[in-house]
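Structure record follows, encoded as structure tokens.
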Amino acid sequence: MQWIKQALSPLIGEQAEKLAKQYLEEQGLVYLMQNYRCRSGEIDLVMRDHQTLVFIEVKYRSRSDFGAAIEYFHATKRRKFESAIAHYLHQHKLNPSQIDHRIDIIGLDANVQGQTKYTWLQNV
């Protein structure tokens, strides 16, 4: 986790995903696609970490009054996310038992000094 100074106001979902994508690329992940949507849910980012397919949920909070951004990935959201992953794998003819994949969450939390804290949880 680190604080990075940058102008983030106003930061909306698309901007948060762009920043998360850039941050993850700096960590060595390879971008594949963004905003995969199906009837059952959405995957914010699909990336690759070596041979592992990584499905990423991006969460952003401009204030921490009610908790950190990553805390908003609750059970209902997770079920929809997993359903969207199953759809993605089926659509791309990928067998989940034969391909390494994981779910990551990246939270972006802003503070009053205009900095953003990145919290990256892998293989949740």
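Across the stretch 43-79, what is the number of residues that are at pLDDT 90 or above and surrounded by 14 or more Cβ atoms within 10 Å (Cβ to Cβ)? Summing the residues that are at pLDDT 90 or above and surrounded by 14 or more Cβ atoms within 10 Å (Cβ to Cβ) in the stretch 43-79 gives 14. Once the stretch 33-42 is narrowed to residues that are in a strand (DSSP E or B) and polar (S, T, N, Q), the residue that is surrounded by the most Cβ atoms within 10 Å (Cβ to Cβ) is Gln34. Quick check: is even one residue across the stretch 101-123 assigned to a loop (DSSP other than H, G, I, E, B), surrounded by 12 or more Cβ atoms within 10 Å (Cβ to Cβ) and under 14 Å from the mean Cα position of the chain (by Cα)? The answer is yes; a qualifying residue exists. Condition check for Thr119 on (1) farther than 15 Å from Val46 by Cβ; (2) out of contact with any Gly (no Cβ under 8 Å at 6 or more places or on another chain): one failure, at (2). Filtering the stretch 90-119 to residues that are closer than 26 Å to Gln15 by Cα and without any contact (Cβ under 8 Å) to a residue 40 or more places away in the chain leaves only Val112.
The values are calculated or read from the model by the stated rules, or taken from the named source; none is laboratory data. Fair warning: this is a prediction, and the values are worked out from it, not measured in the lab. Counting neighbours? That spans all protein chains shown, and the Cβs are built from the backbone with ideal geometry, glycine included.
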